[in-house]
């Protein structure tokens, strides 16, 4: 799984437009065959920060998406940020759930 973590500081006067654009992107992104999830979050410590997280089945799927016209909307939103956005791409090689907690805590 490959995760795209985008965190942006957005100007208060542009926040509604930015959120509207991101909401327009989430549906079509979720519809991609290799998209696991696409979520907009709220930062409870600073309301001017907008976290946007996408999970993809592979780097190849994310690469294809970044080259798409749909991703241009995300790039446009990033241009509206009040400071350079923090974006990280992470490849998760292993995923565990409750079974890991049970194994560790016995």
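Values in this text are rule-based calculations from the coordinates and carry no lab data. Since the model is a prediction, treat every value here as computed from it, not as a measurement. Quick reminder, even Gly has a Cβ in these numbers, built from the backbone with ideal geometry, and neighbours come from all protein chains shown.
Structure data summary
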read-out: Max mean-square fluctuation residue, GNM over the chain, Cα-Cα springs under 10 Å, options 29, 21, 95; value: 95
read-out: Most fluctuating residue given options 58, 82, 68, as computed from a GNM of the chain linking Cα atoms under 10 Å; value: 68
read-out: Estimated FRET transfer efficiency (residue 75, residue 96; beta-carbon r; R0 30 Å; 0.05); value: 0.35
read-out: Cα→Cβ-extended label distance, 7 Å offset, between residue 45 and residue 63, nm; value: 3.5 nm
read-out: Calculated [θ] (222 nm, deg cm²/dmol) that DSSP helices of n ≥ 4 give over the chain, each run adding -39,500 (n - 2.57); value: -12000 deg cm²/dmol
read-out: Burial order of peptide ranges 37-44, 97-104 (average beta-carbon count within 10 Å, highest first); value: 37-44, 97-104
read-out: Range of Cα positions in the chain per principal axis (Å), largest first; value: 51, 33, 22
read-out: Three-way shape call for region 1-45 based on the alpha-carbon gyration tensor, with the a/c threshold at 1.5; value: oblate
